[in-house]
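The values are calculated or read from the model by the stated rules, or taken from the named source; none is laboratory data. As the structure is a prediction and not an experimental result, all values here were calculated from the model. Here the Cβ is made from the backbone with ideal geometry for all residues, glycine too, and neighbour counts use every protein chain on show. Accessible surface areas use protein heavy atoms only, side chains included; no ligands, DNA or RNA. Shrake-Rupley method; radii C 1.70, N 1.55, O 1.52, S 1.80 Å.
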Amino acid sequence: HQYLAKPCEAESLVSAVQRAFKLRSLVHDEKLEEIVADMKSLPSMPEQYQQIMEEMQSDDPSLHKVGEIIETDVAMSAKILQLVNSAFFGLARHLSSPADAAMYLGVDVLKSLVLTAGVFSQFEGEDVDVGALQSIWHRSNEVGPLAKQIAAQQSDESILGDYALMGGLMADVGKLVIATNFPDKFTEIERTVAESGRRDFEVEEEVVGHSHCDIGAYLVGLWGLPNPVVECVAYHHSPMSCAASGFTALSAVHVAEAIVCAHGDDNLPHLDKDYVEKLGIADLLPEWIKLHRESRAADAGDEQ
């Protein structure tokens, strides 16, 4: 489920195989392996993502070429421009091309957007409810940028913000996998969650055998994405289960996801309050909630 460009260096091929075995040892759960084996399809890493990685590792990397790579996929370009021009990114000016986005946002941010847009586009035309797909896409587009903003406020390390963005954007990729491979079970899960008010990952574990967190983490780990991103996908609902200590990209994604899912509720019912207290960031929650509300209001005004 990975894209390896031709000609493929032997080291790259060996590395891909090693990651697959390492992931299997890390996620050693027979039930999860059975679920993945029964799936008719898993999304592959977008070709454009790998091409961008290769361009930036070349002797003379070019942001203009990065823009050209993205522009080879019209649908992907449209998705990326829609996202970067939303209020959630808070840009001072309108960006009209992927090349502009590369110059203005930087390649690391753009890689996250290319990965997300490319993965979501693979589900279009599949036997997936369009409303559900749009809902997951919209929430991902809110969680990722908010997580990046939270991380930027808490850390001077830009890489932490990049991990938070990618982790937030990819947090619900497991839901797409469930919806595509088990549409009847996905419908059952959605109905049960709506009727009972229970958490989606709890119902998924009962109906499918594993949650979208586990399935999504397996997938992004298989692609060889950085461990902090895998942790965001695996533990965004249960951050205390992660061995990492202190404020991490996972911390930002967990808080952002709780704020987005609260729909204006200051109590943040999905937030692990003990975890937040342990990190000493509880006093900052009102500021981050306000930040999200302002972004949503601005986007709503743009749509009108």
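Numbers below:
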quantity	calculated
Residues (in a loop (DSSP other than H, G, I, E, B) and open to solvent by 30 Å² or more (accessible area, probe 1.4 Å)) located in region 43-54	44
Residues being among the hydrophobic types (A, V, I, L, M, F, W, C), modelled with pLDDT under 75 and part of a loop (DSSP other than H, G, I, E, B) - total across region 23-41	1
Region 277-301: number of residues that are in a helix (DSSP H, G or I) and over 21 Å from the mean Cα position of the chain (by Cα)	15
Residues that are over 19 Å from residue 148 (Cα atoms) and in a helix (DSSP H, G or I), drawn from region 241-274	241, 273, 274
Selection within region 55-90 - assigned to a loop (DSSP other than H, G, I, E, B) and of a type in the set (Asp, Glu)	59, 60, 73
Which numbered condition residue 60 fails, given (1) without any contact (Cβ under 8 Å) to a residue 12 or more places away in the chain; (2) under 27 Å from residue 294 (Cβ atoms)	(2)
Top-ranked residue of region 188-243 - restricted to ones that are open to solvent by 20 Å² or more (accessible area, probe 1.4 Å) and either touching a Lys or Arg at 6+ places or on another chain (Cβ under 6 Å) or β-branched (Val, Ile, Thr) (or both), ranked as nearest to residue 39 (Cα to Cα)	209
Residue count, region 244-260 (criterion: touching a residue at least 40 places away in the same chain (Cβ under 8 Å) and open to solvent by less than 20 Å² (accessible area, probe 1.4 Å))	10
Selection from region 182-223 of residues that are closer than 19 Å to residue 115 by Cα and in a loop (DSSP other than H, G, I, E, B)	223
